[in-house]
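Engineer: This is the structure I have questions about; it appears just below.
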Amino acid sequence: MSITIERILPGHFRAKVNGEWTQYMIVNGSLGLTGKGRNIYGIENLNTGKITWIGSLAAAKKLVTHWLKKTA
């Protein structure tokens with residue numbers, strides 16, 4: 001299984017499994033201040049619209065990867 005997370009817009013990242021988009025998108029919740037100081041990132045489930053606020057971008061990527069491996 002190949003999991004990748006790609007930047008699609010500033011502050012927005014989408015997860016792919018084996019080249020197929022998943023329902024998870026990582027969003028920057030710091031009012032568009034991408035790259036300026038401490039940012040908080042959340043994981044949005046595009047199927048439900050629910051956002052789970054995580055913290056750092058690295059932590060959000062790690063959690064999305066974990067969720068996708070768990071469901072595979």
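Engineer: Would you mind calculating the relative contact order of the chain from Cα pairs under 8 angstrom and at least 6 residues apart, reporting the percent as a whole number?
Structural biologist: The value is 22 percent.
Engineer: For percent of Cα pairs over 16 Å apart, the listed values are (1) 43; (2) 60; (3) 69; which was obtained by calculation from the structure presented?
Structural biologist: Checking each listed value against the structure points to (1).
Engineer: Related question: If you look for lysine pairs in the chain that are eight or more places apart or on different chains, how many of them have Cα atoms under 16 Å apart?
Structural biologist: Numbers: LYS16/LYS61; LYS16/LYS62; LYS16/LYS69; LYS16/LYS70; LYS61/LYS69; LYS61/LYS70; LYS62/LYS70.
Eligible lysine pairs with Cα atoms under 16 Å apart amount to 7.
Engineer: Right, next: What does the charge count near ALA15 come to, summing +1 for each Lys or Arg and -1 for each Asp or Glu among other residues with Cβ under 9 Å from its Cβ? Numbers along the way, then the final one.
Structural biologist: Numbers: positive: ARG14, LYS16, LYS61; negative: GLU6.
My count for the surroundings of ALA15 gives +2.
Engineer: A follow-up question, please. By average Cβ neighbour count within 10 Å, what is the ranking of 19-30, 1-12 from highest down? Mind dumping the intermediate values first?
Structural biologist: On the way: 19-30: 15.9, 1-12: 12.5.
Top to bottom by mean Cβ count within 10 Å: 19-30, 1-12.
Engineer: A follow-up question, please. With a point put 7 Å past each Cα toward its Cβ, work out how far THR48 is from SER30 in nm, to one decimal.
Structural biologist: In this crude spin-label approximation the distance works out to 2.7 nm.
Engineer: Based on the Cβ-Cβ distance from ILE40 to GLU6, what FRET efficiency comes out when R0 is 22 Å, to the nearest 0.05?
Structural biologist: On the way: r = 20 Å, r/R0 = 0.93.
E(calc), rounded to 0.05, equals 0.60.
Engineer: Relative to the longest principal Cα axis of the chain, at what angle does helix 57-71 sit, 0 to 90 degrees, rounded to 10?
Structural biologist: 20 degrees
Computed from the coordinates by the stated procedures, all read-outs in this text should not be read as laboratory data. Since we're looking at a predicted model, the values are computed, not measured. Because the Cβ atoms are built from the backbone with ideal geometry, glycine has one as well, and the counts that use them run over all protein chains shown.
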